[in-house]
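Peer 1: Dropping the structure in here first, questions after.
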Amino acid sequence: MGIKLIWFGCIVLLGGFVTLVLAYQEQQKETLRKNWPFVPGLVTHCEIVKTTIARLRVPAVGSSPSPDPEYIRYPVWAIQVAYTYRVGDKEFVGSEATSALLTEPADRNTGASDHLKKIAAQINSRPSRDVHYDPADSSESYLVFVEQPSRRGLWRMGVGCLAVGVILLAGGWQIR
């Protein structure tokens with residue numbers, strides 16, 4: 001029994017380390033994205049809409065969402081935005097309101113949350129605003145930086161797995 005607990009503890013510890021590495025990588029990507037350069041842009045459209053995750057994951061022009069079972073068409077609230085910006089001598093049209101996909105379930109009749117309304121109001125407050133763009137691909141951009149909501153969960157899960165793994169190892173060590 002003790003050896004099985006030790007093995008299981010090692011597996012849980014390994015899972016914790018892998019989760020922490022993934023959380024660290026996500027944090028690094030988020031830090032890079034937060035520090036993208038910016039140029040002046042012009043917001044041409046911004047509103048909160050009821051849509052689906054599947055619809056958000058395809059181009060808005062000339063496409064319909066593919067029937068992907070992973071993204072069942074649950075209704076969500078999201079910010080729909082369009083803006084133009086220029087990098088060098090090229091002009092681009094952007095559609096990402098925030099640095100991370102920000103949606104809320106629309107299955108209740110309460111409407112969008114105050115948080116989503118606040119971001120939309122911030123974007124609508126002035127049509128001329130900074131547009132952050134990826135220096136490696138200037139066509140990728142966003143207007144407002146928001147923290148990735150899942151990142152905190154990854155850190156918690158990784159630390160939790162490490163703690164459980166240590167407890168299992170200690171218990172297995174005591175029993176053997």
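Throughout, read-outs are computed from the coordinates displayed, never taken from laboratory work. Quick caveat: nothing in here was measured; it's all calculated off a predicted structure. Neighbour counts are summed over all protein chains in view; Cβ atoms, including those assigned to glycine, are modelled from backbone coordinates with ideal geometry.
Peer 1: Please give the Cα centre distance for region 3-40 versus region 96-149, rounded to the nearest Å.
Peer 2: Between the Cα centres of region 3-40 and region 96-149 lies a distance of 25 Å.
Peer 1: Right, something else. Once phi is turned into ³J(HN,Hα) by the Karplus curve 6.51 cos²θ - 1.76 cosθ + 1.60 with θ = phi - 60°, what whole-Hz value does each residue of region 169-175 show in order, with x for glycine and proline?
Peer 2: Karplus-based 3J(HN,Hα) across region 169-175 equals 4, 5, x, x, 5, 5, 6 Hz.
Peer 1: Right, another one. What is the helix-to-structure angle for 2-34, meaning the angle in degrees between its Cα long axis and the longest Cα principal axis of the chain, kept from 0 to 90 and rounded to the nearest 10?
Peer 2: Tilt relative to the chain: about 20 degrees.
Peer 1: Which of the following values of Kirkwood radius over Cα pairs in Å was calculated from the structure shown: [x] 19.1; [y] 20.8; [z] 17.8?
Peer 2: Comparing each candidate, only [x] matches the computed number.
Peer 1: Rounded to the nearest 500, what is the chain's calculated 222 nm mean residue ellipticity when only DSSP H runs of at least 4 contribute -39500 (n - 2.57) each, over all residues? Intermediate results must be reported in sequence, preceding the final value.
Peer 2: Details: 4 runs with 75 residues, N = 176.
For the chain, the value works out to -14500 deg cm²/dmol.
Peer 1: For a Förster distance of 35 Å, can you work out the FRET efficiency between the beta-carbons of Val87 and His115, rounded to the nearest 0.05? Show your work: numbers first, answer last.
Peer 2: Details: r = 30 Å, r/R0 = 0.85.
For Val87 and His115, the calculated efficiency is 0.70.
Peer 1: Would you look at the GNM of the chain, springs on alpha carbons closer than 10 Å, and say which of Ser125, Ser138, Ser99 moves the most?
Peer 2: Of the options given, Ser125 has the highest mean-square fluctuation.
Peer 1: Which of the pairs Lys50/Lys90; Lys29/Lys50; Lys34/Lys118; Lys34/Lys117; Lys34/Lys90 have their Cα atoms more than 24 Å apart in this structure? It would help to have the intermediate numbers written out before the result.
Peer 2: Details: Lys50/Lys90 32 Å; Lys29/Lys50 29 Å; Lys34/Lys118 20 Å; Lys34/Lys117 22 Å; Lys34/Lys90 22 Å.
Violating the 24 Å Cα-Cα cut-off are Lys50/Lys90; Lys29/Lys50.
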